[in-house]
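> Here you go, one structure.
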Amino acid sequence: MNEIILDARNLVTEIHQRRGWLRVVDDVSFNVGRGEIVGLVGESGCGKSMTAFSLMQLFPTPAARVASGQIIFENRDLLKLAPNELRRVRGAQIAMIFQDPATFLDPLMTLGDQIAEPLRAHNFAGDVRARTRDLVEQMGLPDPDLIARRYPHQVSGGQKQRALIASAMSCAPKLLIADEPTTALDVTVQAQILDLMRDLRAQTGAAILLITHDLGVIAEMCDRVYVMYAGKIVEANTTRELFRAPRHPYTQGLLRSTVSLESATTELFAIPGTVPNLNELPRGCRFAPRCPIANAQCAHEPPFVADETRAVACWNVERAMASEIWKLDVGR
Amino acid sequence: MSNLRTWLAFALILGFVLLAVFAQFIAPFDPFRGGADALLAPGAKNYLLGTDHLGRDILSELIFGARVSLAVGISAALSASILGIVVGSLAGFFGGWVDGALMRVSEFFQTLPRFVLALVIVAFFGGGVLKVIIVLAILSWPQIARLVRAQILSLRESTFVEAARLSGMNGIQIIAREILPNALAPVIVTGSLDIASAILLEASLSFFGLGDANLISWGGMLNVAQPYLRQAWWMAVFPGIAISLVVLAFNILGDALNDALNPRLQETA
Amino acid sequence: MLEGTQLTKDFRVRLGLFRGSATLRAVDDVSITIDAGETVALVGESGSGKSTLGRILLGLILQTSGAVHYRGTDFARLQGDAARQFRADVQAVFQDTSASLNPRRRVGESVIAPLLFNRRLSAAHARIESAQLLERVGLDPKIFASRFPHQLSGGQRQRVGLARALASQPRVIVADEPVSALDVSVRAQILKLMQDLQAQEKLAYLFITHDLGIARLIANRVMVMYLGAIVEEGNAADVFARPSHPYTLALTLSAPIPDPTRARPPRHLIGDIPSPLAPPPGCRFHPRCAFAQAICKTDAPPVREFENAHRSACHFAEQVRGG
C-alpha cells in the first residue's frame, strides 16, 4: 500500500441538541493514501458528511465539535493545530466541494474571481490570471475567458460545479474532499463531472475522499470504500472486494437494494425497518434490529473491529458470508 | 432562558389585565379625586408613588390608566387584523383587478405619515376612545393585509394545496382548511406587535392632549407631567415605565407566539 | 383510459427589469396514453417538461393547446358527477414529501380529506377508513395518525402520501419522482409498496422519474422526454434492449453501474442541457449529439416507428439502433 496522507483515528463528533451533546460520528477511523480515491458511503443521517466537516473543522452549524480523536495529515494532528496554522492547510492542502454548488458561490462575484480567491488568500507566487485561465481550461469549460467573466446565475449547474472544483483545485491540494458532488446534477452531467474528477486525480495526483449515497458512483470512482451506518463505519475494503464479497449484512442489503440498468434481477429488494434515531440507539450492534441473522450477542454487545483497512463490524461474519441471508420477500 | 422571558412577559400582561379589570378594587385611592397634598414625593403618607399636581394618587391613576391603554391597544389591533385579513384574503384569492385596486388603496394608507394623520383626524373630529381606536385601526390594517396576501399567494402554489385540490376540495374549502391556518400564524404575531404600537400611539396622542380628557391614560399623565418635570419627576417616570413595560411585554409575546405557532419548533414526540 | 393528445404548454417568463418577457414552451406537442393497470415511465432530466405534463394530466394546470380525455371524454367538458369521478379517479404522489403535506395538519387528517370530499363519507366513517388506509401502507394508525408531517421520516411521509392518494379509490396515479428524495433502502420499500398496491387495486401509474434503473424495473412502457418533446417511446423491454434515440442511449451510458469490474462506457455526450427558453433549431438534441449531421441542425426529425410501436424522433435512428 502506498503512503498514507490522511489518517483519522477514533474520531468522535458531536452536535449540541436540547438534551445535550449527540454523537453523530462515533469512533470512526479511516485513512486515505496519496493519490487514492476513497469512498465514504451511507444513507442520510449516517454521519458521512459530518465526518467530512470534522476533517476541516468547519461545520454547517455552530453547535458542533470534534470531541476526541486524531486527524493526522502529513504527520501533523489537525486537531492540535492553532487556528492560523489550520487556515494554511485548509484550502491550500485540503480543499472541499459540496453537493449544491450554488450555495457555495458568491452571487456577486465573477467565476474567475472566485476561482482565483484561494490563490490570493494563500499568496500564490505566480501569475494569478494565467493560473485561473489554466484552471478553467482544465475543467473542460468552453471559452475560458468568457466563463471567467460570468456570474454564477449566468451558468448552468454543471458549470457551477466545475467552477467550484476549479477553485478547490487552484492551490493544488493534496486532498480533495467531495461531499455528494454530483447528487444535485442530472445524470448526463454527473457522468461528465465524475470523468473530470478522475482526470484531475490522474493529472495532479491529488487524493479524493468521495462522500456519496450512490453505490454506482462508488463503483465507478473509488479504489477503496468505507461503509457507514448510524455514525459508525461498519465495513471497509477495496472497492472490488466490497462489491464482489460484501461481508456486513448492511452492505449486503444495501448492494441488493441498489437499482441499476444492469441489475441481474428485476425483483425489488428492500431492507426492512428504518435507520435508528441517534437519540435512542440500540445497545449492541446498531444494525441488529434490522439484521436477519442478529442474535442475543448482537443485541447486547457492540461488535468489535480488528483490522482497520479491511474492517467489518459484525459478530457473525462467517454466517453472513456463508449463505444468502437476505430473502427477496423480506419486508415491504 | 427564552422560556423565562416568555413567562415574564406573559405574567406582566396578565398583571396589567387584572389591574385594568379590577381597578376599582385594587387602587388604594380614587384616582379622580384629589384632596391630598399636591406633588407629594413617592412613599410619603401612604402614597406609594407620590401624588400629582392636584393631589391625586399616581399609583391609582396608573392602575386605572391600564384600562384605557389595554382597551385601546387590543381593540385597535383586533379591528386592524380583521380588516387586514378580509382585504388581504380577497386580494390574494381573486388576484387581477381586485388585487390591484385593494393593494393601491393599502399603499395609499401606508404612504400617509401615521402620526401626523392621527393628529389631524383627532384634531378635526375630536378625541374620545372610540375615535382613537378607529384611527389606529385605519392606520394599521394595510400591513396585515399585505402580509396575508403575500402568504396566500405563496401558499396557493404549494404542493399541499395541489394535493387538497386532488382531494376534491373546492376553492372555499381549500382557503378555510389549508391556506388560512397557515397564513394566520404570522398575522397573530404581527397583531400582537400591533397592540404594542397602538398603545404607544395612543400614549403619544394623549401626550399631545388629543386623548379623551375624561379618562385617565398613561399618555395623558405624561402630558400633565410636563410643567412639573423639575419639581415632581415621579409624575412622568412612572407612567413612562408602565408604557415601556407593557410595550416590551407585547413584543416578547409576539416573538414567543411566532415560535409556538410553528409546529416544526414543537418538541418532537 | 387517460389520454393526452397534442398537448402544448407555454409559460410566460419575466426576464428582468427592462427585458420584458419571453415564452417558455415547457411541453411541445406531446401525445400520451395510459391504459388501465399499466405503468408508464416518463423519463427525462431537469427542464424536460415531464412534471408539467404530469400536472396537465392531473388537471392541475390547463394546457395551452391539445386535449386530455378520460375514458374517452374530454375532461374540460366533464360536469357534475362525471367531473367528481374524474377528480377521484386520477390522483397524485409527489416528490417532496414534506411540501406535499400541510405542515399544520396531523397526517391522519390529510388522509381523511379525500374521504370527506372526493368520497363524501361521513366523518365517523372516514375516520375508520383512514385508519385502515394507514395500515395498508404499513403505518400503525394508533401511532402515526396524530403525528405532524415533520415528526415522520421521508419514507413514512411518502407512505402517508400513498394512503392519501388511495383514499380516493383512484384508477390512475401520477407519481412525480416519488422516491428520488429517499434513501436507497427506503426507496425500494416504497417502490415495492407501490407495486403491491398496483396489483391489489389494478392501478395505472404514470411514473415520472430521471432514474432509468427504476424505470426499467417497474415500467411496462417508457417515454423519454427532452426539452419538452418525446424523443423516444416504446415497451420498456424494447427501449432498454435497443435504445433508438441518441439521448436515450446517452442516458443509459451515463447511469453509474454498481459494478467496479465493468469497464466504463465512453461518454460521448457533450455539454449541459440548453435553456428551454431558447431550444436549439432543428433537432433540439443536436448540439450534444454524437450522431448529429448537417440535417439535424436545420430539420426537426420525423418520428420513425419500429417493431411493437417503438418510436424514435431521430434522423439516424437506424444507426443508433445498430450501436
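Where a number appears in this text, it was derived from the coordinates with a stated rule and is not lab data. None of the values given here were measured: they were computed from a predicted structure. Neighbour counts are summed over all protein chains in view; Cβ atoms, including those assigned to glycine, are modelled from backbone coordinates with ideal geometry.
> FRET efficiency for C:N235 and C:A36, Cβ-Cβ distance as r, R0 = 25 Å, nearest 0.05? Before the final figure, lay out each step's value.
On the way: r = 17 Å, r/R0 = 0.67.
Efficiency, rounded to the nearest 0.05: 0.90.
> At 7 Å along the Cα-to-beta-carbon direction for both A:N10 and A:A63, put a label point, then send me their distance in nm to one decimal.
For the pair A:N10/A:A63, the computed spacing is 2.8 nm.
> Right, next: Return the distance in nm (one decimal) between the two label points of a simple spin-label model at C:S98 and A:E318, each offset 7 Å from Cα along Cα→Cβ.
Between C:S98 and A:E318, the label points sit 4.7 nm apart.
> Quickly work out the A:N84-to-C:S180 label distance, labels modelled 7 Å from Cα along the C-beta direction, and quote it in nm with one decimal.
If labels sit at C:S180 and A:N84, their model points lie 4.8 nm apart.
> If Lys and Arg each add +1 and Asp and Glu each add -1, what is the summed charge of the other residues whose beta carbon sits under 10 Å from the beta carbon of B:M221?
Values: positive: B:R56; negative: B:D52, B:E61.
Counting the neighbours of B:M221, the net charge comes to -1.
> What are the semi-axes of the equivalent ellipsoid of the protein assembly as shown, taken as the square roots of 5 times the eigenvalues of the Cα gyration tensor, listed largest first and rounded to whole Å? Walk me through the intermediate numbers first.
Working: eigenvalues 673, 273, 181 Å².
They are 58, 37, 30 Å, listed from largest to smallest.
> Ranking B:I195, B:I243 by Cβ neighbours within 10 Å, fewest first, what do you get?
The fewest-first ordering by Cβ neighbours comes to B:I243, B:I195.
> Another one. Rg to Rh ratio, the stretch C:25-102, alpha-carbon atoms and Kirkwood radius?
Details: Rg = 13.5 Å, Rh = 14.1 Å.
Taking Rh as the inverse mean 1/r over Cα pairs, Rg/Rh reads 0.96.
> Of all the stretches in chain A, which is the longest one without any exposed loop site, taking GluC sites (Glu not before Pro) in a DSSP loop (any state but H, G, I, E, B) with at most 16 other Cβ atoms within 10 Å?
Working: sites that count: A:E3, A:E74, A:E262, A:E267, A:E308, A:E324.
That gives A:75-261 as the longest site-free run.
> Something else about it: For chain C, what's the radius of gyration and Dmax over Cα atoms, in angstrom?
21.0, 68
> Any chance you could run the full-extension gain for B:F25 through B:V120? It's 0.36 nm times the residue separation minus the Cα-Cα distance, nm to one decimal. All intermediate terms of the calculation are to be shown ahead of the outcome.
On the way: separation 95, 0.36 × 95 = 34.20 nm, distance 3.73 nm.
Roughly 30.5 nm would be gained on extension.
> Among the trypsin sites (Lys or Arg not before Pro) in the stretch C:138-247, which ones are in a DSSP loop with at most 11 other Cβ atoms within 10 Å of the Cβ? Mind listing them?
Those satisfying the criteria are C:K202.
> For a Förster distance of 41 Å, can you work out the FRET efficiency between the beta-carbons of A:H153 and C:E307, rounded to the nearest 0.05? It would help to have the intermediate numbers written out before the result.
Details: r = 46 Å, r/R0 = 1.13.
That pair, A:H153 with C:E307, gives E of 0.35.
> Sum up the charges of everything whose Cβ sits under 10 Å from the Cβ of B:L136, counting Lys and Arg as +1 and Asp and Glu as -1, but leave B:L136 out.
0
> Using the Kirkwood radius built from alpha carbon pairs, what does the Stokes-Einstein equation give as D for the stretch A:1-134 at 37 °C and 0.692 mPa s, in µm² per second?
On the way: Rh = 16.8 Å.
Answer, rounded: 196 µm²/s.
> A 28 angstrom limit on the alpha carbon distance is what I want to check against. Which of C:K142/C:K192; A:K232/C:K50; A:K80/A:K232; A:K80/A:K160; C:K9/C:K297 exceed it?
Check vs 28 Å cut-off fails for A:K232/C:K50; A:K80/A:K160.
> In Å and from the alpha-carbon atoms only, list the Rg and Dmax of chain A.
20.7, 65
> What GluC sites (Glu not before Pro) does the stretch B:117-178 have in DSSP loop regions with at most 16 other beta carbons within 10 Å?
B:E157
> Convert each backbone phi in the stretch C:206-217 into a coupling constant with the Karplus relation 6.51 cos²θ - 1.76 cosθ + 1.60 (shift: θ = phi - 60°), then list the ³J(HN,Hα) values in order as whole Hz, x for Gly and Pro.
9, 9, 8, 7, 9, 9, 5, x, 5, 4, 5, 6
> Take the Cβ-Cβ distance between A:T204 and B:D259 as r, set R0 to 45 Å, and report the resulting FRET efficiency rounded to the nearest 0.05.
0.35
> So in the stretch A:4-227, what percent of DSSP beta bridges are antiparallel if you round to the nearest 5?
Looking only at bridges with both residues in the stretch A:4-227, the antiparallel portion is about 50 percent.
> Related question: With 34 Å as the cut-off, how large is the P(r) tail for chain B, expressed as percent of Cα-Cα pairs?
31
> Out of residues 5 or more away from C:T39 or on other chains, whose amide H comes under 5 Å of its own, with H placed 1.01 Å from N in the peptide plane?
It is C:Y205, C:N220, C:R221, by chain and number.
> Now, a different point. Would you mind telling me which residue in A:D179, A:D199, A:D127 has the biggest mean-square fluctuation in a Gaussian network model of chain A, where springs connect alpha carbons within a distance under 10 angstrom?
Largest GNM mean-square fluctuation: A:D127.
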